[in-house]
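Asker: Right, I'll just put the structure down here and ask away after.
The values are calculated or read from the model by the stated rules, or taken from the named source; none is laboratory data. Keep in mind that this is a model prediction, so the values were computed, not measured. So basically every Cβ, Gly included, is an ideal-geometry build from the backbone, and we count neighbours across all protein chains shown. What goes into the accessible areas is simple: the full protein's heavy atoms, side chains included, and nothing from ligands, DNA or RNA. Shrake-Rupley method; radii C 1.70, N 1.55, O 1.52, S 1.80 Å.
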Amino acid sequence: MIRRIDVLSGSNALRAISPMWKSLFAAVMFILSYALHPVLQAAIAVWMMVWCTAYARIPLRAYGLLSGTALLFYLLGMPALLLEPGHPAAAGAGIYELPVLPLYVTAAGLERAGLLLVRVTACLSCFLFIILTIPFSELLQVLRRLRMPQIVLELMLIMYRFLFILSDTAHGMLLARRLRGGKRGFRDKLGETAAMAGVLFAGTMHRYHGLSQGLMTRGYTGDIVLPPYQPRPVPRRYTIQAYAGIVLLLLAQWWIIRY
């Protein structure tokens, strides 16, 4: 999936727009996603999805796969939000008691989980906008312009390259396993997976050592030189739509608070 993200971020329709402007726009929308009313948070999630799928022309299937995979972690944490231990003092409206375990679900828990889901979805859409429309190299240039320490940028660059090495090594091991037939049975698969994890780590570190040796032979002196940031123009229609949308969200929040 990491290669798919890299391809989409480098070939989307918003590729030529200033990465600094896109980063600042996503940052403002992220702050609004955290602070505004849940209805407006849902509107932000839909609006950012439109920016990615309609303006940047990211395939809807790829966008849905990324957002759905990220929301799986939220679903794994839902029992902690929904379930209450013990037995309810009195059966009230909106309370559901599990038939076997001493756990029950309250209406407050359902409301809390729903509000958190809307907020997480809105904030996630802002992150996906950055991930899918700004290539990683340009994102590093933006962070450098924002005075991010050089050591942090170098670690990010090395770890990003490490993800590709890990993905290639894992893909090769899985392909070799399928060609050999693999083992059948749940217990055998668990043992084989554990063995593959150790071999995967050793193989990845071996390739990473080769990468570090390649850097040394190319004259690496301790600092990775990044290309300078080059400002790019932003089409007026995108600027007008972004600013108008932010103003409308703030006015809607003011109206909700007032009335």
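Asker: Any idea which of Ser9, Ser18 is in contact (Cβ under 8 Å) with a residue 40 or more places away in the chain, in contact with a helix residue (DSSP H, G or I) (Cβ under 8 Å, 6 or more places away or on another chain) and closer than 27 Å to Pro227 by Cα?
Answerer: Ser9
Asker: Could you count how many residues in region 5-43 are assigned to a helix (DSSP H, G or I), of a type in the set (A, V, I, L, M) and either open to solvent by 40 Å² or more (accessible area, probe 1.4 Å) or under 12 Å from Phe127 (Cα atoms) (or both)?
Answerer: Qualifying residue count, region 5-43: 11.
Asker: Can you name the number of the only condition in (1) on the phi > 0 side of the Ramachandran plot; (2) in contact with a helix residue (DSSP H, G or I) (Cβ under 7 Å, 6 or more places away or on another chain) that Arg57 fails?
Answerer: (2)
Asker: Check Arg112, Arg57, Arg61, Arg119 and return the single one that is open to solvent by 80 Å² or more (accessible area, probe 1.4 Å), modelled with pLDDT of 80 or more and in a loop (DSSP other than H, G, I, E, B).
Answerer: Answer to the check: Arg57.
Asker: Sticking with this structure for a sec: Given the criterion out of contact with any Pro (no Cβ under 8 Å at 6 or more places or on another chain), part of a helix (DSSP H, G or I), modelled with pLDDT of 85 or more and of a type outside the set (Ser, Thr, Tyr), identify the matching residue among Ile151, Ile131, Ile158.
Answerer: Only one candidate qualifies: Ile131.
Asker: Does Met78 satisfy the criteria of being assigned to a helix (DSSP H, G or I), open to solvent by less than 40 Å² (accessible area, probe 1.4 Å) and not aromatic (Phe, Trp, Tyr)?
Answerer: no
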